[in-house]
Every structure is written in structure tokens, then in C-alpha cells.
Amino acid sequence: MLKQIKNITLILVLSYFSSISAAELKPVEMPILSGVGGNFSAVDADGKDIEFNDYNGKVIVIAFGYTNCADICPFTLGYLKSLYSKLSLEEQQRVRIIFVTIDPKYDTPGHLKSFIGHFNEDFIGLSGTQEQIDYIVSLYQAQYNKLSSVTVLTDYVRRVNPKEDTDKSEDKTSLYSHTVTLYLIDKDGFTRSLEYTGTPKDEFVTKIRVLIDE
Amino acid sequence: MKSLVKPTLVIILFFVGVVAAAPTEIDERVRYTSSLNVMASMLMNWYGSLIVKDQRIQFSPIDSKWIDYRSSYPENITHIKIISTDLKKITKANKYQFTINTRINSKDTEGAHSQLISETFNFHVPLLANPLIEKITREQSEEMAYLDISDYSRSHYKARHFAYAWLAYLDGVDDVKQVINSEQWMDVAEYSLKIGRDEIHGSIAFTLKERQKYLAKGGHLLGSVNVTEVDGKADHFILDLISEWKGINQEGKTVLAKVHQQIEIQIQENNEWKIISIKEEHLLPDIAPWSGFLC
């Protein structure tokens, strides 16, 4: 927990410095990041099997997290909501924001859909088997760790939305730490930049637009 | 050899890119006449061969025209530590200037000594040949209080001599084949490469050809070298290299890679290094300080 607090503090500090350096933006340079990402299969929030390549032709932002995350995930999705709103409707149609759960056992497609819908109904939630999720995590060289083998009642977790049709007194969850990076992916599926919630939104939007226009 | 096991970031930050003749095609192995890695390898050879301790580790011969200059170093050098480097490209000429500050430890009948030596190597890079040391200038030489630098031995420099030459070869410089002794293992050693979901296995020659699709034209910048012994195998070592590659892929798109190579080498009876296998994977590039954060 202490480590998480430290990391969040670091992110806030980095955010501060990022906002300073944003004033001196250099021309956007986004090489393909070799070995980061690639095609994978998963299950979308409607329970449909998908291939990541199905989204080819769209600029994509991928985030990892889980619905019972009490801190960074709601913050990240709030950030992405605000980021998305800076794009024109036409641009939004050429962009997909994807949230991949690292807790597919709890985050069923239906629950993920309801969770994501709290931020923006255009956003895509992806789940799947644990193997599928672990593969996606490894492809993006992301990480997640269970914080403890002990599960906690979800009622004790400050979270966005409770899971429907569950008995509050029985509904338990594991808590995780996970990668906070936002992966910016071009229309051919290549990872082109690594961002986070400290990236000034205008800077992030500029990068998205560069990829849209490629 | 255990002294090699220290992870170190030496020189390097300045050894960026590839210089000289540009390739005409990308689909074949790109050939350059030179890379800054060649100069770095030559410097590792220069300093390693000055160290007298552990002569079983061999270096390439140094041009005889430098005999006089080399006699100006202290006798019986036991260790050399490169403290700092500075690289300058001489504009409008294919010339480079490396200024290198070293701490040199030596031993004589009176005991152990340390000396700070600052010298500048002027390289000329001919269009179709390897770089040449044109001139060396001794900028400074002064006695210092003795300090143990025993990690910076002959083997320390041998590992880097080899590593830079290997990276120069990957950059497209064929003339370093002799340094890396590639004839012995190029078609025999196993090279496995993992780039995201793509995995390639085969001989070094085969994998390098496939690798060309991803990293077609560019240069390696060495970040770190680490050497460990292989348990239970005499004279076998793992050379762990991390380098950054910048360039373009076969489609001409800009690519950035953090290349992690684990090279198993065998030191043969004649003290030549033979590559047994190479495992390479591309890690998350160091472009985002937060990419390792977990929340």
C-alpha cells in the first residue's frame, strides 16, 4: 500500500513537471516501439470474441485495470473521458479507447460494460480467460500483481459501480497493483507512444491527431 | 573472469548512430563501412591491451606506429578505469575526436600507483574502410592517490571490445568479422529472437536476415554489458547486452527498440571467443519514466 502511495505521489510530481515542459513541445516524434503489442484475442463487453486486429484502421489507446480498483483506474478513465471529449465527433469515430481488465474472473463482460459506461459508452472493455489476459499483459510488457491472497468484501471498496445481482455480504474481490501506462497505438496496430494520466491532454490529443492523419 | 560480472555503463552515451556510406537497398543485409561502435571497440582494444595482468586474454594487435606513444603509459598497468568520455564530430570532415579520461593503476617495486590520464584520439573514417586513429594527444597526466579499481581488468575490456564489435556487425559493418571471429559460428550458433508476438529461431545468419525486416537500417547504442559464468560449463559465459536501436524498418517506418541480448560464449583453447547461442528480446523502451510504475 505504501508503495502504491509512493507511486501515486510520483505520478503527481511527474504530472507537475510534464505540465511545465508541455509549454516547450517539440515536434511529435513517435517511432514504432519494437516488441510492444501485437494482435491478441479477447472478449468484449457484449461477450463477443474479438481479435485486436479487428480494430485496425483506428487509433487506439489501451489502459489496463480492473473494476474494483479504488484509485488509479477511475482516475485514468476520467482522464480518458476528458481527453476523448477534446476530439471532434469525426475524430472520435477514428479512435477507440480500450480498457483491458486484469481481473477477468470478477470483471465479467456485463459488469465491465456497466463500469465503462459510467465514463463513456464509446469506450471498449475487454475481458477474456486469465490466459488471454496474461498474454495481452505480456504482449504490452505490462504488469499486475495481486496485493494479497486475502480477498475483501467489495462493499468495503470505494468503487465506481457495484456488480448487479450479487449478495453484498458475499461479494468479494482481490486487490491488485497494475501498470498505469496508456499505450497509444496507430492504425496498423503498432505501439507508438507510452503515456499516462500526467501527460498534458493537449499533448496527448496532438499525438492522437498525428496518428489519425497518417 | 568473475571481475567481469560488474554491470557498468561506460563511455557510450555519445556513441550514437551509424556513419559513412549509406546502403542502396534495405532488403538485403545493410552494409556500412563504419559505425561509431567500431571506434568504441578499437578503444576498448587499446585500453585492454595496455593491461599486463592476465595475458591469456588476447586483443587485436595495435598498429606499430603507436609503439612510442604507448610507451608513455606507466609500466606494469594492472587496471584502467575510464572515468569520462567526450565525443566530437569534426564538421565537414569524416573525423571524430574522443577525449577520454582514465584512472590508470600500475605496480612497480615501490608499490601501487594511480595516475589520471586525459588523452584525445582523433579518428578518420575513410569512405570505404574502417576508422583509423590519426593522432593521439596527451592532454593531461598526473599522479593521484591510489584507489582500488580491480573490476576494470583486461577481461572487462575484452567483453566490451567484443560487444562493440558485435553491435558494429549488427549495424552493418562487415570488417569487424575478424574481431568477433564470426566464421566459426555464424552458420552454426542458434539465434532466437522475440519481438512482441513474433518469434524467430535459426542460425545467426538466418535470424539476422529475418531481423532485418524489423530493424532494417539504423544503429545500436550500447547501454550496459554484464558477464556471468555459466554454471557447470567451463569457459562458458553469458554476455548480457542491453542496447538501444534507432532506425527504420523494411517499410521505411521509424522504429525504436530496446534490445536485450544474452549471448552464450565459449572461450576456446586459443583464447578466441566463440558464440554458442544468442537470445534476443525487445524490451519496453526507456521513453516513459512511469512505464515501470504499478498502482
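The values are calculated or read from the model by the stated rules, or taken from the named source; none is laboratory data. Just so it is clear, the model here is predicted, and its values are computed rather than measured. Note that we place each Cβ from the backbone using ideal geometry, even for glycine, and neighbour counts take in every protein chain shown. Quick note on the areas: whole protein, heavy atoms, side chains included, nothing else; ligands and nucleic acids left out. Shrake-Rupley method; radii C 1.70, N 1.55, O 1.52, S 1.80 Å.
Overview of results
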item	result
Residue match in segment A:207-214 (condition: open to solvent by 70 Å² or more (accessible area, probe 1.4 Å), within 14 Å of chain B (Cβ to nearest Cβ) and closer than 22 Å to A:V36 by Cβ)	yes
Count - residues of segment A:73-91 that are over 13 Å from A:I124 (Cβ atoms) and outside any loop (DSSP other than H, G, I, E, B)	13
So B:K258, is it assigned to a strand (DSSP E or B), of a type outside the set (G, A, S) and within 9 Å of chain A (Cβ to nearest Cβ)	yes
Residue among A:D107, A:D46 that is surrounded by fewer than 21 Cβ atoms within 10 Å (Cβ to Cβ) and either more than 17 Å from the chain's Cα centre (by Cα) or at pLDDT below 95 (or both)	A:D46
Index of the failed condition, B:D174 passing every other in (1) of a type outside the set (V, I, T); (2) free of Cβ contacts under 8 Å to residues at least 40 places away in the same chain; (3) away from chain A (no Cβ under 14 Å); (4) open to solvent by 20 Å² or more (accessible area, probe 1.4 Å)	(2)
Cβ-Cβ under 7 Å pairs, at least 6 apart or on other chains, segment A:194-205 side away from chain B (no Cβ under 14 Å) and touching a residue at least 12 places away in the same chain (Cβ under 8 Å), far side in a loop (DSSP other than H, G, I, E, B) and of a type in the set (D, E, K, R)	A:K201/A:K86; A:V205/A:K86
Number of positions in segment A:53-77 that are within 11 Å of the chain's Cα centre (by Cα) and surrounded by fewer than 18 Cβ atoms within 10 Å (Cβ to Cβ)	1
Scope segment A:130-159; condition without any contact (Cβ under 8 Å) to a residue 40 or more places away in the chain, assigned to a loop (DSSP other than H, G, I, E, B) and surrounded by 13 or more Cβ atoms within 10 Å (Cβ to Cβ); matching residues	A:Q143, A:T151
Residues (farther than 24 Å from A:I136 by Cβ and hydroxyl-bearing (S, T, Y)) located in segment A:162-214	A:T166, A:S169, A:T206
Segment A:33-43, subset assigned to a strand (DSSP E or B) and surrounded by 22 or more Cβ atoms within 10 Å (Cβ to Cβ), residue nearest to the other protein chains (Cβ to nearest Cβ)	A:L33
The listed residue being within 8 Å of chain A (Cβ to nearest Cβ), open to solvent by 40 Å² or more (accessible area, probe 1.4 Å) and in contact (Cβ under 8 Å) with a residue 12 or more places away in the chain, out of B:I287, B:I276	B:I287
Single residue of segment B:43-65 satisfying the filter (of a type outside the set (D, E, K, R) and not in a loop (DSSP other than H, G, I, E, B)) that is most open to solvent (accessible area, probe 1.4 Å)	B:S64
Among residues of segment B:213-255, those that are part of a loop (DSSP other than H, G, I, E, B) and within 18 Å of B:Y164 (Cβ to Cβ), counted	1
Flag for A:I97 being within 14 Å of chain B (Cβ to nearest Cβ) and in a strand (DSSP E or B)	no
Segment B:66-77: number of residues that are free of Cβ contacts under 8 Å to residues at least 60 places away in the same chain and surrounded by 12 or more Cβ atoms within 10 Å (Cβ to Cβ)	5
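Here's the yes/no breakdown for (1) surrounded by 22 or more Cβ atoms within 10 Å (Cβ to Cβ); (2) in contact with a strand residue (DSSP E or B) (Cβ under 6 Å, 6 or more places away or on another chain); (3) under 30 Å from B:I77 (Cα atoms):
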| site | (1), (2), (3) |
| --- | --- |
| B:S155 | yes, no, yes |
| B:K158 | yes, no, yes |
| B:E183 | no, no, no |
| B:V188 | no, no, no |
| B:K194 | no, yes, no |
| B:R197 | no, no, no |
| B:G223 | no, yes, yes |
| B:A234 | no, no, yes |
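Rundown of residues vs (1) open to solvent by 50 Å² or more (accessible area, probe 1.4 Å); (2) part of a strand (DSSP E or B); (3) of a type in the set (A, V, I, L, M), yes/no style:
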| residue | (1), (2), (3) |
| --- | --- |
| A:N161 | no, no, no |
| A:D165 | yes, no, no |
| A:E170 | yes, no, no |
| A:H178 | no, yes, no |
| A:L184 | no, yes, yes |
| A:K187 | no, no, no |
| A:L194 | no, yes, yes |
| A:G198 | no, no, no |
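Conditions tested, residue by residue: (1) open to solvent by 20 Å² or more (accessible area, probe 1.4 Å); (2) within 26 Å of B:D175 (Cβ to Cβ); (3) in a loop (DSSP other than H, G, I, E, B).
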{"site": "B:I80", "(1), (2), (3)": "no, yes, no"}
{"site": "B:Y96", "(1), (2), (3)": "no, yes, no"}
{"site": "B:N101", "(1), (2), (3)": "yes, no, no"}
{"site": "B:S114", "(1), (2), (3)": "no, no, no"}
{"site": "B:I117", "(1), (2), (3)": "no, no, no"}
{"site": "B:T120", "(1), (2), (3)": "no, yes, no"}
{"site": "B:F123", "(1), (2), (3)": "no, yes, no"}
{"site": "B:N130", "(1), (2), (3)": "yes, yes, yes"}
{"site": "B:E143", "(1), (2), (3)": "yes, no, no"}
